[in-house]
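Asker: This structure is in structure tokens; I'll ask about it shortly.
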Amino acid sequence: MPRIVPLLTDLKLFETEDDDIERRLRNHLEELRYSSCKEGKTEEPKRVTWQDTDTIRRRARKIIEARGKYSQGRHLSRADRKMLRPVMNGVAVGGPSTAHQVDEIAAMLYDELPWMQRVINEIWLDMRHNVIEHGPGLRLRPTLLIGGAGLGKTHLVRRVAELSNLPVVHIDGGASSEGFPVAGLSRGWGGAECGRPLKTMLSTQVANPVVVIDEVDKAGTAFGTSGHSTSMHTALLGLLEPVSAVDWHCPYFQIGFDMSRINWLMTANDSSVLPALLRSRVRTIHIDPPNRAQLANFIENEVERRLLPEECMDQIWQAIQMPINNNAVSVRLVVKLLEEVQRLETLPLKH
């Protein structure tokens, strides 16, 4: 059984909507009268009269007034409450459940990405500490991976999510300056909605998804016509700070959520351009490029994992000879070639 933890911190909702109370009272009365007829107490079910309807409406209003003293989230729309109800009793924590499973995940990562041993070692230690101290589930410290383009940083974080059977949220920092994809957009704005991490948590009912923010150093600041500004860096501060993340206030829902279990993994080429407040909230790890032997091992493992023909290894190796000779090894290029070969392998044979 997965471990269940609370997600909503300050919201309680009744199972029945106010609009449904009158309908349920009417249905209940009809069922009672039908049961009386079936038991032989009456010859036929008595129809609901207008006096009955008036009584039902008065009782429904009294119930709604009484519930109003205890109900929260009345500012939420019916669709919003429908989205939140499935997580009222908590959400699951996914990931490895034993230290042995943690060791297996780390061993696979070591084997696939040997040039990232320092990063994998930190992830391994985080996973072991969480399983031993807190129980099943993946929980990593917010981590910033620094290195040149195409070193496999994004591939690593995606493999961590895949091996842990967790949903992954991918946000491109270079394509978005504002913080809306991270924190959401408050009501009153066109296209208002919650942020992508929270939306994923609600749809999957998982408390600890892996959120990947690529090129976070390229995210800037967006300014509105009213003079207000927003940035991805600012939006991240409250979510990365453990104290505030436990009871984070969503701009869209305007209620509190426990976002402290999200696994934040960010990539950047240059950390010096990031705000000092953001750098103080993350663990920074520098990544060196792979050598020829490590890259060859990576290609071999990926071909085997993707169930591709063995001759693909020689073809991919020949295709990347030019970048290697120029000392510009790109794991990203290798992954793209693998995906292209994998796509071609799925095409039907022509007769």
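The values are calculated or read from the model by the stated rules, or taken from the named source; none is laboratory data. The model shown is predicted, which means the values in this text are computed figures rather than measured ones. For neighbour counting, all protein chains shown are included, and Cβ atoms are generated from backbone atoms with ideal geometry for every residue, glycine included. Side chains are part of the model used for accessible areas, which takes the heavy atoms of the whole protein and leaves out ligands, DNA and RNA. Shrake-Rupley method; radii C 1.70, N 1.55, O 1.52, S 1.80 Å.
Asker: If only one of 340, 300 is of a type outside the set (S, T, N, Q), at pLDDT 80 or above and surrounded by fewer than 13 Cβ atoms within 10 Å (Cβ to Cβ), which one is it? I'd like the intermediate steps shown before the answer.
Answerer: Values: 300 fails: surrounded by fewer than 13 Cβ atoms within 10 Å (Cβ to Cβ).
Exactly one of 340, 300 is of a type outside the set (S, T, N, Q), at pLDDT 80 or above and surrounded by fewer than 13 Cβ atoms within 10 Å (Cβ to Cβ), namely 340.
Asker: Kindly check whether there is at least one residue in region 282-295 that is open to solvent by 70 Å² or more (accessible area, probe 1.4 Å) and touching a strand residue (DSSP E or B) at 6+ places or on another chain (Cβ under 8 Å).
Answerer: yes
Asker: Tell me the residue from 318, 342, 254 that is free of Cβ contacts under 8 Å to residues at least 12 places away in the same chain and polar (S, T, N, Q), please.
Answerer: Result: 318 is the single residue among 318, 342, 254 that is free of Cβ contacts under 8 Å to residues at least 12 places away in the same chain and polar (S, T, N, Q).
Asker: Identify all residues within region 7-24 that are over 12 Å from residue 85 (Cα atoms), at pLDDT 75 or above, open to solvent by less than 90 Å² (accessible area, probe 1.4 Å) and not hydroxyl-bearing (Ser, Thr, Tyr); write none if there are none. Quick ask: steps written out before the conclusion?
Answerer: The initial filter retains those residues of region 7-24 that are over 12 Å from residue 85 (Cα atoms), namely 9-10, 18-24.
Remaining after also requiring at pLDDT 75 or above: 9-10, 20-24.
Those left that are additionally open to solvent by less than 90 Å² (accessible area, probe 1.4 Å): 9-10, 20-22.
Passing the criteria: 10, 20, 21, 22.
Asker: Separate question: Given the conditions (1) under 30 Å from residue 202 (Cβ atoms); (2) surrounded by fewer than 20 Cβ atoms within 10 Å (Cβ to Cβ); (3) of a type outside the set (Asp, Glu), and given that residue 257 satisfies all but one, which numbered condition is not satisfied?
Answerer: (2)
Asker: Restricting the search to region 125-158, which residues are open to solvent by 50 Å² or more (accessible area, probe 1.4 Å) and assigned to a helix (DSSP H, G or I)?
Answerer: Those that are open to solvent by 50 Å² or more (accessible area, probe 1.4 Å) and assigned to a helix (DSSP H, G or I): 125, 128, 129, 132, 133, 134, 158.
Asker: Between a first residue in region 25-53 that is on the phi < 0 side of the Ramachandran plot and open to solvent by 50 Å² or more (accessible area, probe 1.4 Å) and a second residue that is of a type in the set (Gly, Ala, Ser) and modelled with pLDDT under 80, which pairs have beta carbons less than 8 Å apart while being 6 or more apart in sequence or on different chains?
Answerer: So the pair list comes out as 42/36; 45/36.
Asker: Being of a type in the set (A, V, I, L, M, F, W, C) and outside any helix (DSSP H, G or I) is the filter here, so list the residues in region 96-113 that pass it. I'd like the intermediate steps shown before the answer.
Answerer: Filtering region 96-113 down to residues of a type in the set (A, V, I, L, M, F, W, C) leaves 99, 102, 105-109, 113.
The answer is 113, and nothing else.
Asker: Still on this structure: All but one of (1) under 27 Å from residue 296 (Cα atoms); (2) free of Cβ contacts under 8 Å to residues at least 40 places away in the same chain hold for residue 153, so report the exception by its number.
Answerer: If we test residue 153 against (1) under 27 Å from residue 296 (Cα atoms); (2) free of Cβ contacts under 8 Å to residues at least 40 places away in the same chain, just (2) comes out false.
Asker: Quick check on region 107-114. Is at least one of its residues touching a residue at least 60 places away in the same chain (Cβ under 8 Å), buried (at least 17 other Cβ atoms within 10 Å of the Cβ) and within 23 Å of the chain's Cα centre (by Cα)? Even if it seems obvious, please write down each step before you answer.
Answerer: Just the residues of region 107-114 that are touching a residue at least 60 places away in the same chain (Cβ under 8 Å), to begin with: 111-114.
Restricting the remaining residues to those that are buried (at least 17 other Cβ atoms within 10 Å of the Cβ) gives 112-114.
Filter once more, keeping what is within 23 Å of the chain's Cα centre (by Cα): none.
Scanning region 107-114, I find no residue that is touching a residue at least 60 places away in the same chain (Cβ under 8 Å), buried (at least 17 other Cβ atoms within 10 Å of the Cβ) and within 23 Å of the chain's Cα centre (by Cα), so the answer is no.
Asker: Return yes when residue 279 is open to solvent by less than 40 Å² (accessible area, probe 1.4 Å) and modelled with pLDDT of 90 or more and no when it is not.
Answerer: Details: open to solvent by less than 40 Å² (accessible area, probe 1.4 Å): no; modelled with pLDDT of 90 or more: yes.
Against the criterion (open to solvent by less than 40 Å² (accessible area, probe 1.4 Å) and modelled with pLDDT of 90 or more), residue 279 does not qualify.
Asker: Could you list all residues from region 161-181 that are closer than 20 Å to residue 138 by Cβ, open to solvent by less than 10 Å² (accessible area, probe 1.4 Å) and either in contact with a Leu (Cβ under 7 Å, 6 or more places away or on another chain) or outside any helix (DSSP H, G or I) (or both)? Explain how you work it out, then say what you get.
Answerer: First pass over region 161-181, keeping only residues closer than 20 Å to residue 138 by Cβ: 161-171.
This time we only want the ones that are open to solvent by less than 10 Å² (accessible area, probe 1.4 Å), so: 161, 164, 169, 171.
Within region 161-181, 164, 169, 171 meet the criteria.
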